[in-house]
Amino acid sequence: MHILFVADPLACFKIYKDTTFAMMREAQRRGHTLSTCEPKDMRWQTGDKVAATAQRIVLTGDATDWYTAEPAQSQQLCDFDAIVMRKDPPFDSEFFYSTHLLEQAEREGARVFNKPRALRDHPEKLAILEFAKFSGPTLVTRSAADIKRFHAEHKDIILKPLDGMGGMGIFRVKEDGLNLGSITETLNKDGAQSVMVQKFLPEITRGDKRVLVIGGKPVPFSLARIPQGSEVRGNLAAGGLGVAQKLSARDQEIGDALGPVLAARGLLLAGIDVIGDYVTEINVTSPTCFQEIFDQTGFDVAAMFVDALEAALK
């Protein structure tokens with residue numbers, strides 16, 4: 001099978017930890033053919049089908065010169081057996097437009113994972129709204145007065161932008177309310193932009209757990225991203241320490257409940273973020289942590305993913 005990975009530039013990959021690379025490596029090991037392109041390489045024109053300027057690659061096994069590539073050429077997306085959308089966040093306007101091109105390619109016969117419509121329908125912060133029974137106290141608003149009332153009720157809160165990634169723009173405000181007004185103005189742009197506010201969960205000291213669900217089934221290990229030093233954020237991009245661990249009973253419950261729902265909507269892979277017993281986000285654009293879990297536990301998450309991809313294509 002010939003798989004097209006729509007991703008960030010290959011030159012940006014850190015292959016020792018990159019999840020897309022792990023997917024590629026497992027797919028090639030099974031004899032599948034790999035091609036790559038960036039979202040900017042896709043196009044559509046009246047009377048034609050969605051196409052991309054893509055390059056076929058072969059992984060070399062070398063840590064530095066890790067792939068060879070054939071000259072890029074234009075190919076219709078429906079000619080690939082599978083398209084794996086792995087563009088990293090943020091979910092900006094260009095990402096949004098890419099999902100529409102990919103959805104048109106679906107109408108022309110392409111098989112896209114995760115489904116473009118599902119990507120649009122599940123913004124990573126707001127996707128928790130329909131699963132409120134698994135989430136802690138949360139507020140989404142533009143109103144500074146709403147945020148002030150939420151703080152007065154819960155005393156210790158986290159504020160974050162809806163379009164952030166990697167821990168970007170996350171603030172904690174404790175009971176003293178220090179800088180709450182200034183932080184609110186920074187995040188809500190004086191009422192022009194929505195903000196997510198959540199009750200601070202002290203269990204973050206034990207990690208912000210990434211629970212992966214593949215084909216509707218939870219991976220048996222999570223990666224707990226543990227904040228370091230005085231940092232409140234556990235994100236690996238913010239310096240968090242990743243520690244793989246077996247799913248707790250609550251993690252399993254969450255994965256079993258959300259996994260089938262997400263899979264039925266076309267989300268072959270999702271990453272559910274759990275602090276303590278509560279879901280805080282659902283990551284669908286480009287969930288990671290495959291290699292960290294494999295390196296620490298030996299459980300081959302990439303193999304589970306390619307199994308699910310092959311099964312979906314049947």
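Compute the length gained on full extension between Asp146 and Lys314: take 0.36 nm times their separation in residues and subtract their Cα-Cα distance, giving the result in nm to one decimal.
Separation in residues times 0.36 nm, less the Cα-Cα distance, equals 55.5 nm.
Using 0.36 nm per residue, how much length does the chain from Phe96 to Ala303 gain when fully extended, once their Cα-Cα distance is taken away?
So the extension gain works out to 71.6 nm.
By how many degrees, 0 to 90 and rounded to 10, does the Cα axis of helix 144-154 deviate from the longest principal axis of the chain?
On a 0 to 90 degree scale, this one is about 70.
Please work out the average accessible area per residue across the chain, using the 1.4 Å probe convention, and give it in Å².
46
Using each residue's phi in the range 294-309, evaluate 6.51 cos²θ - 1.76 cosθ + 1.60 at θ = phi - 60° and report the 3J(HN,Hα) Karplus result to the nearest Hz, with x for Gly and Pro.
Once θ is set to phi - 60°, the couplings for the range 294-309 become 4, 4, 8, 10, x, 6, 8, 5, 4, 5, 4, 5, 5, 4, 5, 5 Hz.
Placing unit charges on C-beta atoms (Lys and Arg positive, Asp and Glu negative, everything else neutral), compute the dipole magnitude of the chain about its Cα centre in debye, rounded to 20.
Approximately 400 debye in magnitude.
Spin-label point model (7 Å from Cα, Cβ direction): what's the Asp48 to Arg107 distance in nm?
Label at Asp48, label at Arg107, 1.8 nm between them.
Check Ala224: other-chain or 5+ apart residues with amide H under 5 Å from its amide H, H built from backbone geometry?
Arg210, Val243, Ala244, Gln245
Of the listed pairs Lys14/Lys199; Lys160/Lys209; Lys133/Lys209; Lys148/Lys209, which have alpha-carbon separations greater than 23 Å here?
Lys14/Lys199; Lys148/Lys209
When the helices in the chain are scored as -39500 (n - 2.57) per DSSP H run of 4 or longer and the sum is shared across all residues, what 222 nm value do you end up with, to the nearest 500 deg cm²/dmol?
Taking each H run of at least 4 residues, the total per residue is -8500 deg cm²/dmol.
Apply the Karplus curve 6.51 cos²θ - 1.76 cosθ + 1.60, θ = phi - 60°, to the phi angles in the range 224-236 and return the couplings in whole Hz, x for Gly and Pro.
Each residue's phi maps through the Karplus curve to give 7, 8, 9, x, 10, x, 8, 6, 8, 8, x, 3, 4 Hz.
List, in order, the whole-Hz ³J(HN,Hα) value for each residue of the range 180-191 obtained from phi through the Karplus relation with A = 6.51, B = -1.76, C = 1.60 and θ = phi - 60°; use x for Gly and Pro.
Residue by residue, the range 180-191 yields 4, x, 5, 5, 4, 4, 5, 7, 8, 6, 6, x Hz.
First compute the accessible area of the chain with a 1.4 Å probe, then give the percent of it belonging to carbon and sulfur atoms.
Result for the chain: 50 percent of the exposed heavy-atom area is carbon or sulfur.
Going by average Cβ density within 10 Å per residue, which order do the peptides 241-248, 216-223, 255-262 take, highest to lowest?
So the peptides 241-248, 216-223, 255-262, ranked by packing, come out 216-223, 255-262, 241-248.
If you take Cα extents along the principal axes in Å from the coordinates, which of (i) 59, 46, 36; (ii) 54, 54, 33; (iii) 86, 57, 28 do you get?
Read-out taken from this structure: (i).
The values are calculated or read from the model by the stated rules, or taken from the named source; none is laboratory data. Keep in mind it's a predicted model, so treat the numbers as computed, not measured. Here Cβ is always computed from backbone atoms with ideal geometry, including for glycine, and neighbour counts include all displayed protein chains. When the accessible area is computed, the model is the full protein with side chains, heavy atoms only, and any ligands, DNA or RNA have been set aside. Shrake-Rupley method; radii C 1.70, N 1.55, O 1.52, S 1.80 Å.
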